[in-house]
């Protein structure tokens, strides 16, 4: 029997049939693409058609944007979209008890929505080939709708957002998952987006730049470097995947343990109540004070004609870009982007406990977090920052990960963060299976959890950070 | 068979036995008190022993507190506890699109904990007779521990907090529920406390001012005016109550429907996924901008020698009190309190849908909310504010509630809000059963939910506001 992993949709016999039933990657490939190469060719074609160019520009040529004279905050002349401001952070206990930094302030809640529809018994996702100026390769696979509130309430005065009507109430489709989820807490202040999956049975016109793809097809793309964008990954992570209707007999032990871990009845080291208590304990343990300050007052950060950067050259810088399409009708604009100084490493350690795959999460505070702490990947850092620090100051498990032999690495892909805000923010995502002698009792800010438990936490938002959600989406590609 | 209502503790066979098993009010009364009068007599005796007096004092006599010269913010000389600052609020859509007001800022997370232990097969709660200066009757039934972070990290330099060791890690007991829950969003900025229930099987010394009581005894006290304090109510609300082992045959239809609604298998109008989507929709619908401003800059508010009040005389005022015990050793201090101008009305409308009791919740934004919107009681307002306004501007269902005949009122009690921060903040809490012809399809900012669904939402925090949690605790007294 097929089972949904969505605990909460099993609330009672009055409920509709579990939404997860058909979210399975074991389905026959039945989309518009029959091979991954076809999809890649389509993305390349879209790059040609959209023909965007992105060039760095100094701030004084960044049309529409200016530094407020009193604060030095970088803002749009409409006062909307987002601003680059200063943030004063006090965090205790932490390696650095207080600091100031630039931060992206974007309090409005946007929509990241995937429209799904069944064709021949298999659910398909309506995916978009979307250009984002911060992507190295510009066009990546994106959700059906990826819109800020300014976008969808038409501050841009541009065209309407295609398919938006499926994601705002009153809507005709059926909501399968819908929650607020956070984004990069080190770079954004309190940023969340609405992650939403809606199923329709209407006829849907497929506009240029959009394609129906099965979940399995999207997942195959996710195993390739830099194809599936962050927004698509986070929406994929909240889909109520089920344990597919296969036996675990012929599978290798890792895949078998992963399949078992999707089963809500699978035994786990802790209960969900214990997981919530662990997050609560860590939220109460860390004291995080955040104060917005003028960007001019960020100590150690300096502004030149074309960047705002840290004196050390580390962390990140703020730069401006000029975005143009060959066809001006398609669009042209300028905007600031945040450019990380070095790539990050995001690793999920996994292990079998009683034959069920568990992943090791970290309760990790972040400068711009709305709720102090979220569950993060086991390793979540920029290795370059720690290159010269003694072991005691290096993130837990970083050295373990750097020394892991290839045979334990189950997933290893370079993926981009949000190209609408970050310039070339490439991170290396890895899923590693630890060896049997690895300790099952981690430090108190870590916890081993089953995959179905993560999916329960995800339903509520504010529990897993965006990097952990990306890794969960990656983990689902390993069935 | 007895069933727990805690969905999430049923995560898998590897989990421990459901914690809810013995949280039942049908148990034999077996505590230290055999009658409610005994408990009331004990509280009266505690009032005599503790012998506190509370008197209003002008601000210039409020020892330890001062107005910061540049901002006019009211603060303690240590910079801790809490401050009274200004808040600028923009809320859209709302009757009043923007305003400024004083707000209590207390970002640190305190502990509200109840220690439970089984005696003769029945769980007992260790309750405290605690004085809070803002309570009309000073001493009320409180949780085992009710401590701010400043308290328990000893900023007070006072005595240690009894029983604190059960609630901070590493602890010897077993955590039964543990989540961050919000407090009054109109009066506090982003305030949450850790609500925690811990079970022990150790011998526990019962200190003066503490007593073991069964849940049923505490619930009987909750039906009386002004006996069980807010902190006790919110912790009671997160206890994983189960459907007791009785049949619904001999019960009146309301009680039978309530018992059915505790059963996680009971059919409900919506799924939990739909409930989360409804909250998400409303969080995305309301744009809430909060900005801390100097208290001096709150328009329409003026400061006299002994209060900060609104020119209209409405809303609330900030005052100072001098708290003294007859025995100075016991304690003496001064502090500001927020004094509401008029009592509030907090009403839960309930109805049977397919024989299962549902309650009507409102997605309600609040000035100081951390996350824009929480689920609130059906009616949550200060009726005096709306006395002279035309119907179109009056809260939905307020007029319905004011006209409800007595026979539909299932619960009607005056209860105090947090006496450590509010002076005589008495609210009238009501649970009303609507008549059969009442519409089952409410306006889009309302939703009918089953009781077991509320308990699932409660496990995660940030879903139900403190008034809704109080009413849920009250509803549990009606089995």
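For a paramagnetic label modelled at 7 Å from the Cα of residue A:78 toward its Cβ, which residues of the stretch B:274-309 fall within the zone defined by backbone nitrogen distances under 17 Å?
Only B:287 pass the distance filter.
Using the C-alpha atoms of the stretch B:367-469, what convex hull volume per residue, in cubic angstrom, is computed? Please list the in-between numbers first.
Numbers: hull volume 15.7 nm³, N = 103.
In the stretch B:367-469, the Cα convex hull volume per residue is 152 Å³.
Note down the Stokes-Einstein diffusion coefficient of the stretch B:264-417 in µm²/s, whole number, using a Kirkwood radius over alpha carbon pairs, 37 °C, and 0.692 mPa s.
Values: Rh = 19.5 Å.
The Stokes-Einstein estimate is 169 µm²/s.
Taking only DSSP H segments of four or more residues, each worth -39500 (n - 2.57), what value at 222 nm results for chain B once the sum is divided by all its residues, to the nearest 500 deg cm²/dmol? Don't skip to the end; give the middle numbers.
On the way: 9 runs with 83 residues, N = 479.
The helix-only estimate for chain B comes to -5000 deg cm²/dmol at 222 nm.
Calculate the spin-label point distance for residue A:171 paired with residue B:136, positioning each point 7 Å from the Cα along the beta-carbon direction, and give it in nanometres.
4.8 nm
Classify the stretch A:217-348: rounded, prolate or oblate, from the alpha-carbon gyration tensor (a ≥ b ≥ c, eigenvalue square roots; a/c under 1.5 rounded; otherwise prolate if a/b is larger than b/c)? Walk me through the numbers before you get to the answer.
Values: a/c = 2.90, a/b = 1.52, b/c = 1.90.
Taking the square roots of the gyration eigenvalues as a ≥ b ≥ c, the stretch A:217-348 is oblate.
Taking only the alpha carbons of the stretch A:87-162, what extent do you get along each of the three principal axes, in Å, biggest first?
Taking the Cα atoms of the stretch A:87-162, the three principal extents are 57, 34, 25 Å.
How well do other chains shield peptide A:178-185, expressed as the mean number of their Cβ atoms within 10 Å of each residue Cβ? Mind showing how you got there, number by number?
Values: counts 9, 6, 7, 1, 0, 0, 0, 0.
Rounded to a whole number, the mean comes out at 3.
Taking the mean number of other Cβ atoms within 10 Å as a proxy for protection, how do you rank A:401-412, B:210-221 from highest to lowest? Write down the numbers at each step before the final one.
On the way: A:401-412: 13.2, B:210-221: 21.7.
By packing density, highest mean first, the sequence is B:210-221, A:401-412.
Pop out the Kirkwood hydrodynamic radius of the stretch B:57-184 from its pairwise C-alpha distances, inverse of mean 1/r, in Å to one decimal. Spell out each step's value before the answer.
On the way: mean 1/r = 0.0555 Å⁻¹.
In the stretch B:57-184 this quantity evaluates to 18.0 Å.
Normalized C-alpha radius of gyration of the stretch A:246-305, against 2.2 N^0.38 Å?
Values: Rg = 23.1 Å, N = 60, 2.2 N^0.38 = 10.4 Å.
Relative to the rule-of-thumb radius for its length, the stretch A:246-305 sits at 2.21.
Got the residue B:202 label distances to the other copies yet, label 7 Å along Cα→Cβ, in nm, shortest first?
6.1
Residue by residue through A:196-203, how many Cβ atoms from other chains fall within 10 Å of the Cβ on average? The partial results should precede the final answer.
Values: counts 4, 0, 1, 0, 0, 0, 0, 0.
For this peptide, the per-residue mean of nearby foreign Cβ atoms is 1.
Can you classify the stretch A:143-229 as rounded, prolate or oblate using the Cα gyration tensor, where a ≥ b ≥ c are the square roots of its eigenvalues, rounded means a/c under 1.5, and otherwise it's prolate if a/b beats b/c and oblate if not? Numbers along the way, then the final one.
Numbers: a/c = 1.44, a/b = 1.04, b/c = 1.38.
Since a/c stays below 1.5, the shape of the stretch A:143-229 is classed as rounded.
Express in whole angstrom the spacing between the alpha-carbon centres of the stretch B:118-186 and the stretch B:98-113.
If we compute the Cα centre of each part, the gap is 19 Å.
Just from the alpha-carbon atoms, what are the Rg and Dmax of the protein assembly as shown in angstroms?
That works out to 28.0, 84 Å for Rg and Dmax.
Taking a label point 7 Å from Cα toward Cβ, how far is residue B:92 from its twins in the other copies, in nm, shortest first?
Label-point separations across copies, in nm and ascending: 3.9.
Give me a single rounded figure for B:452-462: the average over its residues of other chain Cβ atoms within 10 Å of their Cβ. Display every interim value, and only then the final one.
Values: counts 2, 3, 0, 0, 6, 2, 0, 6, 10, 7, 5.
Partner Cβ neighbours, averaged per residue: 4.
If you stretched the chain out fully between residue B:153 and residue B:60, how much longer would it get, using 0.36 nm times the residue separation minus the C-alpha to C-alpha distance?
On the way: separation 93, 0.36 × 93 = 33.48 nm, distance 2.84 nm.
Stretched fully, the residue B:153-residue B:60 segment lengthens by 30.6 nm.
For the stretch A:325-416, what is the largest minus smallest coordinate of the Cα atoms on each principal axis, given in angstrom and ordered from greatest to least?
Largest first, the stretch A:325-416 extends 58, 32, 31 Å along its Cα principal axes.
Given N residues in the stretch A:411-479, what is Rg(Cα) / (2.2 N^0.38 Å)?
That works out to 1.29 for the stretch A:411-479.
Give the relative contact order (percent, whole number) for the stretch B:249-373; include only Cα pairs under 8 Å separated by 6+ residues. Intermediate results must be reported in sequence, preceding the final value.
On the way: 124 pairs, mean separation 34.9, N = 125.
Relative contact order comes out at 28 percent.
If we hang a label 7 Å off Cα along the beta carbon direction at residue A:394, how far is it from the matching labels on the other copies, in nm, shortest first?
6.9
Give me the extension gain from residue B:327 to residue B:68: residue separation times 0.36 nm, minus the current Cα-Cα distance, reported in nm with one decimal. It would help to have the intermediate numbers written out before the result.
On the way: separation 259, 0.36 × 259 = 93.24 nm, distance 3.26 nm.
Extending this stretch completely gives an extra 90.0 nm.
Report, to one decimal in Å, the Kirkwood hydrodynamic radius for the stretch B:83-129 based on all distinct Cα pairs.
Values: mean 1/r = 0.0662 Å⁻¹.
Its Kirkwood hydrodynamic radius stands at 15.1 Å.
Consider the operator that turns chain A into chain B: which A residue has a Cβ nearest its axis, and what is that gap in Å?
A:460, 2
Could you work out, for chain B, what percent of all Cα-Cα pairs fall into each 20 Å distance bin, beginning at 0 Å and stopping at the bin that holds the largest distance?
24, 58, 18, 0
Calculate the spin-label point distance for residue B:296 paired with residue A:99, positioning each point 7 Å from the Cα along the beta-carbon direction, and give it in nanometres.
Each label point is offset 7 Å from its Cα along the Cβ direction, giving 3.4 nm.
Using a ≥ b ≥ c from the Cα gyration tensor of the stretch B:282-370 (square roots of the eigenvalues), is it rounded, prolate or oblate, where a/c under 1.5 gives rounded and otherwise the larger of a/b and b/c decides, a/b for prolate?
Working: a/c = 2.61, a/b = 1.50, b/c = 1.74.
Taking the square roots of the gyration eigenvalues as a ≥ b ≥ c, the stretch B:282-370 is oblate.
Just order B:114-121, A:136-143 by mean Cβ neighbour count inside 10 Å, highest at the front, would you?
So the order, starting with the most tightly packed, is A:136-143, B:114-121.
Using the beta-carbon distance between residue A:164 and residue B:164 and R0 = 60 Å, what value does 1/(1 + (r/R0)^6) give for FRET efficiency, to the nearest 0.05?
On the way: r = 51 Å, r/R0 = 0.86.
The calculated FRET efficiency here is 0.70.
All of the numbers you see were taken from the coordinates with simple rules; none came from a lab. Being a predicted model, the structure only gives us computed values, none of them experimental. We place every Cβ from the backbone using ideal geometry, glycine too, and count neighbours over all the protein chains shown.
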